[in-house]
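Each remark here refers to the structure printed beneath this line.
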Amino acid sequence: MSAESTPPTQRVLLITGASSGIGAATARHAREQGWRVVLAARSLERLQALADELGGPQHALALRCDVTSWEDQQGMVIAALAAFGRIDAAFANAGFGGPRGFLADTPEHWREMVLTNVYGAALTIRATIPALRDSRGHLLLTSSVAGRRALPGSLYSCTKHAVTAMGEAARQDLNGTGIRVTLIEPGITDTPFFDEPPSDAPLRDADIARAVIYANSQPPHVNVNEILIRPTAQPV
Ligand SMILES: NC(=O)c1ccc[n+]([C@@H]2O[C@H](COP(=O)([O-])OP(=O)(O)OC[C@H]3O[C@@H](n4cnc5c(N)ncnc54)[C@H](OP(=O)(O)O)[C@@H]3O)[C@@H](O)[C@H]2O)c1
């Protein structure tokens, strides 16, 4: 059965980076709409607590997955299909940032960030395409405002430009399969992404979660390709 003809209570949304922030908020919002959710990240305890909050194994599955590992990503999809039999939407959301300035961060942290934000997102696409083909499902990727404008000295913004390109590359590649592709491009959002809570009335994680569900709620012939969301007070 394709995603659009499946009742929300039988649909399955897989989320990477689900242990916190935008991913966790999206899981909560999706559950409110009736979706079953697959929650993936490295912190299994946090995922398990969220899965319990969201109704337990009938409704929410917690899976340890380091997105930089192809084995983990394959295992995540196998476990999701074993539990729920289908994946209707995959949200490649795991990622993190770092200090701005080409002399500010360590090469080791750069490596982890590029592997997580770019390679990890690509692996999630690769791992989920077969299941999304079966469901004529939906692929969503978290880019950023920083994936639309380069920020001074920010390798993070370069990784998010790569994710923005990946969304369009995937859209073209998957054209004709029925799979829709959406880039979610948040501005400053108050999550553990930041060491200190951001000032100037940032977005909340739930604001981004609503955008994910909005994109998915459109009729099957409508492919919302990008949603760029800034807090009203964000100047750049
Ligand atoms: N907050 C913002 O202002 C903002 C703006 C634009 C875009 N974004 C993007 O939004 C996405 C979510 O970030 P957030 O703001 O919600 O921050 P967050 O609360 O820190 O969430 C980041 C998530 O990514 C997961 N993660 C990190 N490395 C991972 C890995 N190797 N494998 C699997 N999961 C990994 C973390 O879980 P574990 O540590 O448990 O693995 C966590 O669940 C990121 O891609 C970020 O770049 C954020």
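Table for the structure above
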| item | result |
| --- | --- |
| Quotient of C-alpha Rg and 2.2 N^0.38 Å, computed over region 55-175 | 1.15 |
| Trypsin sites (Lys or Arg not before Pro) restricted to DSSP loop in region 45-142 with at most 16 other C-beta within 10 Å | ARG100 |
| Region 74-135 - accessible surface per residue (Å², probe 1.4 Å) | 48 Å² |
| Protein accessible area in region 81-165, 1.4 Å probe - carbon and sulfur % | 59 percent |
| Label-to-label distance, nm, for residues given as GLN74 and ARG149 (7 Å Cα→Cβ offset) | 4.3 nm |
| The chain, dipole about Cα centre (Lys/Arg Cβ +1, Asp/Glu Cβ -1), debye to the nearest 20 | 540 debye |
| Kirkwood Rh, angstrom, the chain [1 / mean 1/r, Cα pairs] | 17.6 Å |
| Surface accessible to a 1.4 Å probe, per residue, for the residues of region 171-236, Å² | 57 Å² |
| Accessible surface of region 1-63, 1.4 Å probe, proportion on carbon and sulfur as whole % | 48 percent |
| Net length gained if the chain between GLU112 and ARG126 were fully extended (0.36 nm per residue, minus Cα distance) | 3.1 nm |
| Debye intensity ratio I(q)/I(0), log10, region 194-236, q values 0.15, 0.17, 0.23, 0.25 Å⁻¹ (C-alpha model) | -0.49, -0.60, -0.86, -0.94 |
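The values are calculated or read from the model by the stated rules, or taken from the named source; none is laboratory data. Since we're looking at a predicted model, the values are computed, not measured. FYI the Cβ positions are ideal-geometry reconstructions off the backbone, even for glycines, and counts take in every protein chain you see. When the accessible area is computed, the model is the full protein with side chains, heavy atoms only, and any ligands, DNA or RNA have been set aside. Shrake-Rupley method; radii C 1.70, N 1.55, O 1.52, S 1.80 Å.
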